[in-house]
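The values are calculated or read from the model by the stated rules, or taken from the named source; none is laboratory data. Since the model is a prediction, treat every value here as computed from it, not as a measurement. Ideal geometry is used to build each Cβ from the backbone, glycine not excepted, and the neighbour counts take in all protein chains shown. Ligands, DNA and RNA are excluded from the accessible area calculation, which covers all protein heavy atoms including side chains. Shrake-Rupley method; radii C 1.70, N 1.55, O 1.52, S 1.80 Å.
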Amino acid sequence: MTDAARDSIEAGSALDEVTPSLIALVLEHLEHGRVDEIRAATADLSPAGMAHLLEQVAPDSRNQLVGILKGHLDPETLIELDDEVREEVLENLEPKDIAAAAQELDTDDAAEIISVLPEIERREVLSELPAADRAVIEETLAYPEHSAGRLMQRELVAVPDTWTVGQVIDHCRDATDLPEDVYDLFVIDAERQLRGSVALGRMLRTKRPVPVVDIMDPDIPSIPVTADQEQVAHIFRDQNLVSCPVVDSERRLLGVIMVDDVVDVIDEEAEDDLARMGGVSGIDIHEPAARTTRSRFGWLFVNLGTAFLASSVIGRFEDELQKVVALAVLMPIVASMGGNAGTQTVTVAVRALAMGELTTANALRFVIKEIIVGGANGFMFALIVGAVTWLWFHDPRIALTIGAAMVINLVAAALAGTLIPLGLQWLRIDPAVASTVFLTTVTDVVGFLAFLGLAAVFLL
């Protein structure tokens, strides 16, 4: 667990720390230029609390606060900040200030901060670092952005397979560069190849003369340094890990990934999937309006095209709509119910695909199940909507028409909600990006076509 995480637990959540009254107080001090009062009011905030405070104020006030507090900011605050806000904060810090903060952070966190800097400023910050730290961060930055190489930290305890428990304990007592939090000690051979690991608790319960290889677990999982961060999250989830070593192609130990970093990855991946399901590039309230507008325009434009397609179906039944006004009143109900039912199915499908739970081995079973669910719900809602329609318009033919259309559209919604994500996955297109747009088209077109088509046959 990072220092920031511990501080957050001890002080309560950032929301508890940074109350509206504290924000108002800080802004009042800022307006009157009370520097000492601002520092006093924020002195007890945890890194997460300070980050939350900076995110809550307007950009101009944020820049002033950073100017006042930059000599007092805990480096962990930079890690806790939202990405957009972090970039703004870093713009107000000198390269030497960023370098000083990087030296106090774990290598993965330091690399994360430096990676977002413009190239010129990045070089300036790296030049301010000691040669050893600079080399480690440059090596980390050389790995792909969302890979295990970027997630791992170099601070770990690695001991030779020739040592005894006593030698390991003495080494841990005497070393000055060990990480603050140690869960597992990794055993390596002369070529630095990973042989196994020993839980810290087991190490402390074992007699000093015992060779460390006698108590190590040789069958531990490891993560390739080039693995995607989503794969890393799956490994941690499936095997309930707290930490996991990272190795190269020859199984040489390079670093370790801690569970706190994986939690951030899971949160990031979930947010990304949620954003794509909504047809946006990200969920970031701090993003500039112009960038947000551009990111949302594309899929809205696609949706406009599909809306015209659905409207063209309605246009083909113009005469029927003029003869039976009730059709125009009831028509949106069928399309709306299909859209909502399909969204439920597509949400489950996209999530299952992302988690690796839906594969070619069980896809047919999943499709059949959803069709059964869609048909069952369609039949039950057909009875409800049919009864209401009969009481409303006193025409059993209209009630039967909307009931039949309801069954057809909910079955179609279930079928589309499963096949669209699976089809996009097969085409190597992210199912979270376009599923809802195509789903809405299917449910609208099928809903209107079924309802108006049946009406044309049975009512006119």
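Quick notes
- Top-ranked residue in the stretch 13-53 [being in a helix (DSSP H, G or I) and among the small types (Gly, Ala, Ser); ranked as nearest to Leu78 (Cα to Cα)]: Ala51
- The one condition in (1) open to solvent by less than 50 Å² (accessible area, probe 1.4 Å); (2) within 26 Å of Val437 (Cα to Cα); (3) modelled with pLDDT under 85 that Val324 fails to fulfil: (2)
- Members of the stretch 141-167 that are among the aliphatic types (A, V, I, L, M), farther than 22 Å from Pro221 by Cβ and open to solvent by less than 60 Å² (accessible area, probe 1.4 Å): Leu141, Val165
- Test: residue in the stretch 99-107 that is within 21 Å of Arg123 (Cα to Cα), in a helix (DSSP H, G or I) and touching a strand residue (DSSP E or B) at 6+ places or on another chain (Cβ under 7 Å): yes
- So Val350, is it hydrophobic (A, V, I, L, M, F, W, C), surrounded by 18 or more Cβ atoms within 10 Å (Cβ to Cβ), out of contact with any His (no Cβ under 6 Å at 6 or more places or on another chain) and farther than 21 Å from Gly447 by Cβ: yes
- Pair list, Cβ < 6 Å and 6+ apart or interchain, from the stretch 326-341 residues that are within 17 Å of Ile398 (Cβ to Cβ) and without any contact (Cβ under 8 Å) to a residue 60 or more places away in the chain to residues that are of a type in the set (D, E, K, R) and surrounded by fewer than 22 Cβ atoms within 10 Å (Cβ to Cβ): none
- Pairing residues of the stretch 345-361 that are without any contact (Cβ under 8 Å) to a residue 12 or more places away in the chain and of a type in the set (Phe, Trp, Tyr) with residues that are open to solvent by less than 60 Å² (accessible area, probe 1.4 Å) and part of a loop (DSSP other than H, G, I, E, B), at Cβ distances under 6 Å and at least 6 apart in sequence or on separate chains, gives no pairs at all.
- Residue in the stretch 181-191 that is surrounded by 21 or more Cβ atoms within 10 Å (Cβ to Cβ) and among the charged types (D, E, K, R) present: yes
- Check on Thr360, among the hydroxyl-bearing types (Ser, Thr, Tyr) and in a helix (DSSP H, G or I): no
- If you go through the stretch 410-460 and keep only what is surrounded by 24 or more Cβ atoms within 10 Å (Cβ to Cβ) and of a type in the set (Phe, Trp, Tyr), you end up with Phe448, Phe451.
- When the stretch 163-200 is filtered for residues that are over 30 Å from Gln231 (Cα atoms), in contact (Cβ under 8 Å) with a residue 12 or more places away in the chain and of a type in the set (Ser, Thr, Tyr), only Thr164 remains.
- Unique residue being within 21 Å of Gln153 (Cβ to Cβ) and modelled with pLDDT under 90 when the list is Glu271, Glu230: Glu230
- Failed condition for Val263, given (1) open to solvent by 60 Å² or more (accessible area, probe 1.4 Å); (2) more than 20 Å from Glu145 (Cα to Cα); (3) of a type in the set (A, V, I, L, M, F, W, C): (2)
- Lone unmet requirement of (1) within 19 Å of Glu370 (Cα to Cα); (2) modelled with pLDDT under 85 for Val407: (2)
Table: residues versus (1) β-branched (Val, Ile, Thr); (2) within 21 Å of the chain's Cα centre (by Cα); (3) closer than 30 Å to Glu31 by Cα; (4) open to solvent by less than 30 Å² (accessible area, probe 1.4 Å).
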| position | (1), (2), (3), (4) |
| --- | --- |
| Ala58 | no, no, yes, no |
| Asp74 | no, no, yes, no |
| Pro95 | no, no, yes, yes |
| Ile98 | yes, no, yes, yes |
| Glu104 | no, no, no, no |
| Asp108 | no, yes, no, yes |
| Glu119 | no, no, no, no |
| Val125 | yes, no, no, yes |
| Ala131 | no, no, no, no |
